[in-house]
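Chemist: What follows is a structure written as structure tokens; I'll ask about it next.
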Amino acid sequence: GYAAREFAKQGVQPGELAIISKEAVAPYERPALSKAYLFPEGAARLPGFHVCVGSGGERLLPEWYKEKGIQLILSTEIVKADLPAKTLVSAAGETFKYQILIIATGSTVIRLTDFGVEGADAKNIFYLREIDDADKLLEAIKANKNGKAVIVGGGYIGLELAAVMKINNFDVTMVYPEPWCMPRLFTPDIAAFYEEYYANKGVKIIKGTVAVGFTSDSNGEVKEVKLKDGRALEADIVVVGVGGRPLTTLFKGQVEEEKGGIKTDAFFKTSVPNVYAVGDLATFPLKLYNELRRVEHVDHARKSAEQAVKAIKASEEGKSVDEYDYLPYFYSRSFDLSWQFYGDNVGDTVLFGDSNPKSQKAKFGSYWIKDGKVVGAFLEGGTAEENQAIAKVAKLQPSVQSLEAVKHEGLSFACKI
């Protein structure tokens, strides 16, 4: 969707561009699915969250593509890609020829059935990636009013879904193996705030163990989650969020791969001429840190798509575009909370502000400091201006005299940069 908008800006001609998707709807903003889509009141629905509304842009309805002469080929799954022959084949046996290909297949969820977890194919065990998944979960929420929900996983999906199930008046238990939630980003101090906040909302949290099996009733619906530590939890609904993996299968052995993704340059070109890869599955040069990285986040998905299109148009015109210079950015919203993080979470950490979960309006943050410079910044409850300030700090990487001084200054350290 974001690539299509950029192509339209660059003056794509009718008939030059097609989007092939196995989903039945025009491109939409995935983050809505784990948040507002599942709200009991004031829920988000299509066409409300088609791209590019998530970044404050124009909402691209199916008519928009028609007007621009962009073909939307929906409900069409590509099952074979022959890059040397520039050919794609769909599940229905249709063949598509292309001159330039942008691979934007994103990620697929990791399923417990992939590991042979006993009973993991029971009904009412849900994963969340596509609008179809959200619709099925929604039906189950309505059918099991005030029931028991078990959330497997303590990352993004786990935290957002635990909140949304609680808002739907479910009895909610979260289960994850790590010693604290969101371990890839949160420090123990940051995690402690969210865990206590969730506990105060009535969400039960079980850490340090995993689901090893499920039992179901005579209808095949899940009834119990068996944990490795021997406990069993009653469940009417189970939502699993244990991560995703880049959808690169179609291109295995045809493109260069690195760090689990398709390797690209700073313009998202792959090792194959006229083939670009964007979003979750691209392993690209992260200029700021001078290393190859894969970033799984909607912000990078949007920006990498735009960069690839700019590069395609520039190369057609014999011009050049700037290298991709990305500042990693992550955010989440749940209950009345809203946090943003920019930069890199390495080095020493300094927690500042009011991180008491019982506060009326908790507002706190953290800086990550490496080699005497601030390399990352996190803020809960910030205003738009304050969030911009922490982004600026992570980008500029100012030097600091001492951890104590930064802790004392807190948010004002970022606001004065």
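Chemist: Can you list the aspartates and glutamates whose alpha carbon sits under 17 Å from that of residue 370, skipping same-chain ones fewer than 8 residues off?
Modeler: Filter leaves 291, 344, 348, 404.
Chemist: At 222 nm, what value in deg cm²/dmol follows for the chain if DSSP H runs of at least 4 each add -39500 (n - 2.57) and the sum is divided by all its residues, to the nearest 500?
Modeler: Rounded to the nearest 500, it is -7000 deg cm²/dmol.
Chemist: Can you tell which of 334, 216, 55 shows the greatest fluctuation in a Gaussian network model of the chain with Cα springs below 10 Å?
Modeler: Looking only at 334, 216, 55, the largest GNM fluctuation is found for 55.
Chemist: Please tell me which of these pairs span more than 19 angstrom C-alpha to C-alpha: 35/207; 123/223; 9/303?
Modeler: From 35/207; 123/223; 9/303, over 19 Å: 35/207.
Chemist: Which of rounded, prolate or oblate describes region 225-333 when judged by the alpha-carbon gyration tensor and an a/c cut-off of 1.5?
Modeler: prolate
Chemist: Going toward the positive end of the dipole of region 311-406, with +1 on Lys and Arg Cβ and -1 on Asp and Glu Cβ, which of 315, 403, 379 do you reach last?
Modeler: The residue sitting most towards the positive pole is 379.
Chemist: For mean projected area of the Cα convex hull in nm², one of [x] 25.8; [y] 21.8; [z] 18.4 was computed from the structure I shared and the rest are decoys. Which label?
Modeler: After the calculation, the listed value that fits is [y].
Chemist: Same structure again: In region 118-211, what percent of the accessible surface is made up of carbon and sulfur (1.4 Å probe, ligands and nucleic acids excluded)?
Modeler: Carbon and sulfur: 51 percent of the exposed surface of region 118-211.
Chemist: Hey, what do the phi angles of region 349-359 turn into as Karplus ³J(HN,Hα) couplings, whole Hz, using 6.51/-1.76/1.60 and θ = phi - 60°, x for Gly and Pro?
Modeler: 10, 10, 8, 9, x, 9, 9, 8, x, 8, 4
Chemist: Next up: Have a look at 276, 289, 28 and tell me which one the Gaussian network model of the chain (Cα, springs below 10 Å) gives the largest fluctuation.
Modeler: 289
Chemist: Further question on the same structure: Write down the Å³ per residue value for the convex hull defined by the alpha carbon atoms of region 112-242.
Modeler: Per-residue hull volume (Cα only) is 103 Å³.
Chemist: For region 235-325, give the percent of accessible area contributed by carbon and sulfur heavy atoms, probe 1.4 Å, rounded to a whole number.
Modeler: 46 percent
Chemist: Could you give the spread of the C-alpha atoms of region 336-416 along their three principal axes, from largest to smallest, in whole angstroms?
Modeler: Dimensions of region 336-416 along the principal axes of its Cα atoms: 36, 22, 22 Å.
Chemist: Hey, in the GNM for the chain with a 10 angstrom Cα cutoff, which one of 330, 251, 284 fluctuates hardest?
Modeler: The residue that fluctuates most here is 251.
Chemist: Label-point separation (nm) for residue 169 and residue 67, each offset 7 Å from Cα along Cα-to-Cβ?
Modeler: 4.2 nm
Chemist: While we're looking at this one, here's another question. Computed FRET efficiency, Cβ-Cβ of residue 229 and residue 77, R0 45 Å: what is it to the nearest 0.05?
Modeler: 0.65
Chemist: Ok, one more. Excluding ligands, DNA and RNA, what is the solvent-accessible area per residue of the chain at a probe of 1.4 Å, expressed in Å²?
Modeler: The answer is 46 Å² per residue.
Chemist: Roughly speaking, what is the stretch gain from residue 217 to residue 274, that is 0.36 nm per residue apart minus the C-alpha to C-alpha distance, in nm to one decimal?
Modeler: Once the chain is fully extended between residue 217 and residue 274, it gains 15.3 nm.
Chemist: Ok, one more. Of the GluC sites (Glu not before Pro) in region 345-417, which ones lie in a loop per DSSP and count no more than 12 other C-beta atoms within 10 Å?
Modeler: Passing both the DSSP loop test and the Cβ count: no residue.
Chemist: Another question, if that's okay. So, R0 is 25 Å and r is the distance between the beta-carbons of residue 92 and residue 133; what FRET efficiency does that work out to, to 0.05?
Modeler: 0.65
Chemist: How about residue 97: which lysines have a C-alpha closer than 18 Å to its C-alpha, ignoring those fewer than 8 places off in the same chain?
Modeler: Output for residue 97: 22, 80, 86.
Chemist: Separate question: In whole percent, how big is the carbon plus sulfur part of the accessible area of region 336-416, probe 1.4 Å, protein atoms only?
Modeler: Carbon-and-sulfur percentage of accessible area, whole number: 48.
Chemist: Return the sequence-ordered ³J(HN,Hα) values of region 368-373 in whole Hz as given by the Karplus equation 6.51 cos²θ - 1.76 cosθ + 1.60 applied to θ = phi - 60°, using x for Gly and Pro.
Modeler: In residue order, the calculated couplings are 10, 10, 10, 6, x, 10 Hz.
Chemist: Using a Förster radius of 56 Å, what is the FRET efficiency between residue 143 and residue 319 based on their Cβ-Cβ separation? Nearest 0.05, please.
Modeler: 0.50
Chemist: Considering only 128, 144, 360, whose Cα is most displaced toward the positive end of the charge dipole of the chain, charges sitting on Cβ of Lys, Arg (+1) and Asp, Glu (-1)?
Modeler: The residue sitting farthest along the positive end of the dipole is 360.
The values are calculated or read from the model by the stated rules, or taken from the named source; none is laboratory data. This is a predicted model, so every value here is computed, not measured. Neighbour counts run over all protein chains shown; Cβ positions are idealised from the backbone, glycine included. For accessibility, only protein heavy atoms count, side chains too; no ligands or nucleic acids. Shrake-Rupley method; radii C 1.70, N 1.55, O 1.52, S 1.80 Å.
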